[in-house]
Each structure stands twice: as structure tokens, then as C-alpha cells.
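The values are calculated or read from the model by the stated rules, or taken from the named source; none is laboratory data. The structure presented is a predicted model; accordingly, all values stated were derived computationally and were not measured. Cβ atoms come from the backbone with ideal geometry, glycine included; neighbour counts cover every protein chain shown. Please note that ligands, DNA and RNA were not included when accessible areas were found on the heavy atoms of the full protein model with its side chains. Shrake-Rupley method; radii C 1.70, N 1.55, O 1.52, S 1.80 Å.
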Amino acid sequence: DKNIYRELLKDPKVVAIGECGLDYYHLDEDSIKKQKEAFIAQIELANEIGKPLMLHIRDAYSDALVLLKEHAKVKGVVHFFTGTLPQAQGFLDFGFMISFAGAITFPPKKDGTGSHSNEVIKNVPLDMILTDTDSPYVAPVPYRGKRNEPIYVREIVKKIAEIKNLPEEEVAQAIVANAKRIFGI
């Protein structure tokens, strides 16, 4: 019911609409159509209210980007990004920030597959990067396997600084400035 959400969005503490998006990880085919319809409705609400979108996308980056290009007038953040550099570039070209979580601190899988995060982080401009905890899940190394806590975001900042070969404080300051800019806080 959009009217319920419109009321909630009047609260000045609300800075974005989300997490919303598409999640194809555990999926039956009937849910794809429903997810797309719900996502379009959320995009339209964000357009109407003028708030950024906080996107949750899993195994559906291409479909999500198509829907954003067709419907979105607002910008936002791709939360917990795990895609490839070309996928990230698609969102960046559309003005969306890329947010990284604890998974970027994990070692590569033994078979050589897994995260593309180092390449993505190296190539995403610092002024388009955010971090998130995805608490209580996906705690970063050295806390992996434990309940994730917001304070552990510093490990994600450290990893980004290491990959970009920048001082940790510079990365932390940029992330705070980015959050203030995208969320208007």
C-alpha cells in the first residue's frame, strides 16, 4: 500500500527507500514477475518522494539496471555489491554509488572463483564508494563466522584503503562525505 509508505516517508529520519530490488538467489520462476512489479512500484515511489534508492540485488544486476534505466529518476546505492566491474560500471554510469560489505575481506576461493571485489574497488572512484555491514551477517575477517556488528565496518574501510593504496583515514572521510551527499544528511 503506497499510502502507508508515503506517510512513513514524511518522517525526516527517512533518508532513502529500500532495501529494494531483485534477488534471484533462492528463486522460483513465479517470483521474478512479482519482484519486478514490486521493484518498479518502489522506484516510482522514490521518484515521487525524491528519495534515493538503497538497492538489494543478488544474481540480478542486469535486470535491475534495465528497470532503473526505464523507470528511475532518482539515484541511490547498490548495497553489498558482489558483481563484476562491467556491472558496477553500469550502475556508476547511471549515477549510483557502490557499497561494499565484509565479503571483500574474504580470501579468494580455492578454485579461483568468487569475488571480483579487488578489481571493482580499484576502479570505482572513491567519491562513489560506500560501506555497509549487512549486520548481523557476513562479518569481515578477522570476525568471520561471528555475529557481524556495525563497528566492524572499519575492517571494510581498511580493506578498501589497502586495495586503493590510500590512507585509511582518507577513505573513511570520503565514505562519510559520500553518505552525507547521497542521503542528504
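Data table
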read-out	value
Search result, residues across the stretch 124-147 that are open to solvent by less than 50 Å² (accessible area, probe 1.4 Å), within 24 Å of Gln87 (Cβ to Cβ) and part of a loop (DSSP other than H, G, I, E, B)	Val124, Asp132, Thr133, Asp134, Val138, Pro140
Answer from Val153, Val120, Val176 - the residue that is surrounded by fewer than 17 Cβ atoms within 10 Å (Cβ to Cβ), closer than 22 Å to Gly18 by Cβ and of a type in the set (Val, Ile, Thr)	Val176
Test for Val141: is it more than 16 Å from the chain's Cα centre (by Cα) and at negative phi	yes
Residue tally, condition touching a Leu at 6+ places or on another chain (Cβ under 9 Å), part of a helix (DSSP H, G or I) and more than 16 Å from Glu70 (Cα to Cα), over the stretch 1-53	5
Whichever residue in the stretch 159-169 is touching a residue at least 24 places away in the same chain (Cβ under 8 Å) and more than 22 Å from Ala16 (Cβ to Cβ) and, among such residues, is surrounded by the fewest Cβ atoms within 10 Å (Cβ to Cβ)	Leu166
First in the stretch 48-59 and closer than 29 Å to Leu27 by Cα, second anywhere and part of a helix (DSSP H, G or I) and open to solvent by less than 20 Å² (accessible area, probe 1.4 Å), Cβ under 6 Å, 6 or more apart	Leu53/Ala46; Ile57/Ala64
Extreme residue, most open to solvent (accessible area, probe 1.4 Å), among residues of the stretch 1-23 that are within 25 Å of Ala101 (Cβ to Cβ) and either free of Cβ contacts under 8 Å to residues at least 12 places away in the same chain or of a type in the set (A, V, I, L, M, F, W, C) (or both)	Lys13
Boolean, His26 is open to solvent by less than 60 Å² (accessible area, probe 1.4 Å), without any contact (Cβ under 8 Å) to a residue 60 or more places away in the chain and either among the hydroxyl-bearing types (Ser, Thr, Tyr) or farther than 20 Å from Ile185 by Cβ (or both)	no
Hits in the stretch 49-59 (condition: surrounded by fewer than 22 Cβ atoms within 10 Å (Cβ to Cβ) and out of contact with any helix residue (DSSP H, G or I) (no Cβ under 8 Å at 6 or more places or on another chain))	Gly50, Lys51, His56, Arg58, Asp59
Only listed residue being in a helix (DSSP H, G or I), of a type outside the set (D, E, K, R), modelled with pLDDT of 95 or more and closer than 28 Å to Ile43 by Cβ, chosen from Val157, Val120	Val120
